[in-house]
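Novice: Pasting a structure here, questions to come.
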Amino acid sequence: MKGGRWYWVVGAISLFITILLLLWLTNYSRANPRPERLAPKSLEAYREQFRRPDGTPLSDDELRRILQAKGIAYHEACIPGQNCPAATTTVRAPIPDIEFAGAIAPARREDLRTAVMQVLGHQLEIMRQHRPELRLERIIIDSGMRLQLYFNADFAGIAEDESRLNDFSEGLHVLGTSGLRGSSLFIDGQPLGIYLQKKDAERDRAARAESPEIAGESRR
């Protein structure tokens, strides 16, 4: 009998602990809803979270670009009683997070993220008007504080247009104020310079094949 009573006591205690645990988990989940279930915050709510490297607040347009680049939904402020706009969703392909190859302090990393997201968000917005499927797949800031940008193959449409490539490169120059020391571009894993050299070689071969005179001169 004693063994039987002990069995029932242990069982009752286990059941009691299980009920308490279930109640705690239920209350915790209500108090801490999953991030994806949270309603998007207003644009103004992100004002303090994202600032320029010098600490000054971003303009509304700059803040929108950063949120879109990071894939963060938000909604515009509206006057009570009016129809409030629906939450603004992200751009087609959010900008990937930055990989840091060198030893950089956490606060400094956040400053760099803000500056890079702001500039790239604007530049990608412009380039996607011409190349809708263009995608930035990877961002690295190496130990020499140089920015490395890895694009998919659709960036070729920008790289082969000298005017648009210059506009993009000039748009990155402002990042020099953040301490970055230049940038390197990659297309489908290839450095931009090598990619352009291969394209020039392909055009030369095509031109020789189409022109008997050029082909004859090359054989001499």
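Novice: Would you mind telling me which numbered condition in (1) touching a Leu at 6+ places or on another chain (Cβ under 7 Å); (2) under 23 Å from residue 64 (Cα atoms); (3) modelled with pLDDT of 90 or more; (4) small (Gly, Ala, Ser) residue 183 fails?
Specialist: Condition not satisfied by residue 183: (2).
Novice: Report the residue count in region 93-106 for those that are at pLDDT below 85 and exposed (fewer than 12 other Cβ atoms within 10 Å of the Cβ).
Specialist: 2
Novice: Can you spot a residue in region 58-81 that is part of a loop (DSSP other than H, G, I, E, B), modelled with pLDDT of 80 or more and not basic (Lys, Arg)?
Specialist: Yes, the conditions are met somewhere in region 58-81.
Novice: Next question. List the strands (runs of 3 or more DSSP E) inside region 111-205, counting only whole elements, that have at least 1 residues being surrounded by 15 or more Cβ atoms within 10 Å (Cβ to Cβ) and hydroxyl-bearing (Ser, Thr, Tyr).
Specialist: Where strands (runs of 3 or more DSSP E) fall fully within region 111-205 and carry at least 1 residues being surrounded by 15 or more Cβ atoms within 10 Å (Cβ to Cβ) and hydroxyl-bearing (Ser, Thr, Tyr), they are 147-151, 183-187.
The values are calculated or read from the model by the stated rules, or taken from the named source; none is laboratory data. Predicted, not measured: the structure shown is a model, and the values here were computed from it. Cβ coordinates were reconstructed from backbone atoms using ideal geometry, including for glycine residues, and neighbour counts include every protein chain displayed.
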